[in-house]
Structures are given as structure tokens and as C-alpha cells.
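Notes to accompany the following structure.
The values are calculated or read from the model by the stated rules, or taken from the named source; none is laboratory data. Note that the coordinates shown come from a computational prediction; the quantities given were computed from them, not determined experimentally. All Cβ positions, even for glycine, are placed from backbone atoms using ideal geometry, and neighbour counts span all protein chains on display. Keep in mind that these areas ignore ligands, DNA and RNA; they rest on the heavy atoms of the full protein, side chains included. Shrake-Rupley method; radii C 1.70, N 1.55, O 1.52, S 1.80 Å.
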Amino acid sequence: MHSLDETLLITAELGEKKVKKTLLAKWILGFIGGAMIAIGYMAFVILSSNIPGGMGQLLGASVFPIGLIVILFAGGELITGNMMVVATSFFSGKVTLKELANNWLVITLANIVGAMFVSYVFGIYLGILTPHQETLVKLAQGKVHYDPLRTLVSGIGCNWFVGLACWLSYAGKDGFGKFIGVWFPIMVFVLLGFQHSVANTFLLSAGNYFGAVSISEFALNFIFSYIGNIIGGAVFVGLFYKLCQSPKPHNQ
């Protein structure tokens, strides 16, 4: 494993590379990121539906990380990860606030398109979600029953873990270490039911189609989970670890 200081440098340099990608690359990779997270969530819904009780929840949470694993290993851009990575680069003085905001905006929009593509094309048009409508409706209604402040706080918890998963991936020196570093934090945040704005986009768009969630409930959930995700990733991981960076010697 790389040390904290080494991982901080790796993360900051990666954030700088992210903001310099072409607009086309950001849109394509962002679409992939949103789609992969949605596919992971769809697998969670199916397992939770087919296997009752805690075992279904555990198995569903165990397969959900496939989305972030594909993004980090094969290529993709996920806004919740970028909230930590690009913010770390910003706190390190490698990117400007304008570059950060531009990256977050483009990747957010691309993630939304990717997540809704999976929801409507694979989940609804192909009918993959139809046999599991009861479970999906229950999950969707559970997400929107939170008041805005609790949604925000849950969003913080979510992206604290997603940010840590990305951080551990960058800290690992081999493929297996990176895989385990991603898998466990993501599995835990799903088991705890924390609010992930992109995953919720998949779930709540399908929930809206099945009449379980209104557009206003969907929008309110997205806004406050997104704000919480920013705090969890940018502050609880990026800023906190930047503040723990070893001081440079006085002669440097």
C-alpha cells in the first residue's frame, strides 16, 4: 500500500488529469459511469427480490460494487468519486475552482443520462425490473421518505465510503489489493442504506415509472443526496486527508 502522502499525491495528479480530458471523453466516460452504477443497483434489486431477508440484502450489497470496480479498472467517470478526487486536486492547488465546477457539472449530467438509460432501456423496456416491481417500489419509497436534512446526512455517509473506496484503490499497489479496497467500503454503504445520488437516479426514475415516486420527490432526493455526497467525498476524505499531509521540510 502507498502511504497517505503518496496516495494524496496520486489522487491529486489524477484529479488534474480528469479536468483536462476532452469534453467528448468526459461525456462518454460519464455515461459509462452512470450506467455501471445502475447495473450494479439493478443486480441488487433482483437479488433482494429473489432472496428474502438479510441474506438477500447481503448478497445484493456484495454484487453492487461491480459498478465502481468496472469504472476504476476499465475506465469511467463517476461524480461521487470525482467529488473526492477533483476536490483533492483543488485543495492541492492543481486545479482551479472553475475547472472543478466544470468537471462536476459535465460528469453529473453524463451520469444521469447513463443511469436513466439503464433504468428505462434495460430495466423497463426489456422488462428486467418488471418481475421485481414490488421490491423496487419498496426501495424507492424508502429513499424518498427521508426529510431533506436526513437525506443530506445519509449522502455524507454514502460518499465518505465511496471516497474511501476510490482512495484505497489508488493506495493499492496490485490488482487484488485495489479490488478488495473498492469492494468492502461499497458493500458496507449499500448495506447501511446510505443515499447515493447516481444510484438513486436509477432507482427513483424506475420508481417514478411504476407510480411509486413523484418527480418532485425524485428531484428533492437528488438535490439533498448530491449535496451530502459533496460533503462526504470532498470534505470527509479529500480535505481531511489533505490536512493530515506531512509538513514539508523548511528548506523546500
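Can you tally the net charge around ILE227? Count Lys and Arg as +1, Asp and Glu as -1, for every other residue whose Cβ sits under 15 Å from the Cβ of ILE227.
Values: positive: ARG150; negative: ASP147.
My count for the surroundings of ILE227 gives 0.
For the range 44-184, what does the accessible surface come to per residue with a 1.4 Å probe? Please give it in Å².
Values: 6130 Å² over 141 residues.
Value for the range 44-184: 43 Å² per residue.
Add -39500 (n - 2.57) for each DSSP H run of 4 or more in the chain, then divide by its residues: what number comes out at 222 nm, to the nearest 500 deg cm²/dmol?
On the way: 12 runs with 184 residues, N = 252.
The helix contribution divided over the chain gives -24000 deg cm²/dmol.
Computing the accessible area with a 1.4 Å probe over protein heavy atoms, can you report the carbon and sulfur percentage for the chain? Write down the numbers at each step before the final one.
On the way: 7910 of 11300 Å².
Solvent-exposed carbon and sulfur of the chain make up 70 percent of the total.
Evaluate 2.2 N^0.38 Å with N set to the residue count of the chain, then give the Cα radius of gyration divided by it.
Numbers: Rg = 17.7 Å, N = 252, 2.2 N^0.38 = 18.0 Å.
For the chain, the normalised Cα radius of gyration comes out at 0.99.
Ratio to report: Rg/Rh of the range 8-121, with Cα atoms as the point set and Rh obtained by the Kirkwood method; give two decimals.
Numbers: Rg = 15.7 Å, Rh = 14.7 Å.
Rounded to two decimals, Rg/Rh equals 1.07.
In the chain, which longest range has no trypsin sites (Lys or Arg not before Pro) that are both DSSP loop (not H, G, I, E or B) and surrounded by at most 15 other Cβ atoms within 10 Å? Please report the intermediate quantities before stating the final value.
On the way: sites that count: LYS20, LYS173.
Here the longest run is 21-172.
Quote the accessible area belonging to ILE46 in square angstrom, nearest 10, computed with a 1.4 Å probe and with ligands, DNA and RNA left uncounted.
Answer for ILE46: close to 50 Å² accessible.
Between the helical axis of 148-171 and the dominant principal axis of the chain, each derived from Cα atoms, what acute angle in degrees is found, rounded to the nearest 10?
50
Filter LYS20/LYS98; LYS21/LYS248; LYS21/LYS173; LYS173/LYS248; LYS17/LYS98 down to the pairs with a C-alpha to C-alpha distance above 19 Å, please.
Violating the 19 Å Cα-Cα cut-off are LYS21/LYS248; LYS21/LYS173; LYS173/LYS248.
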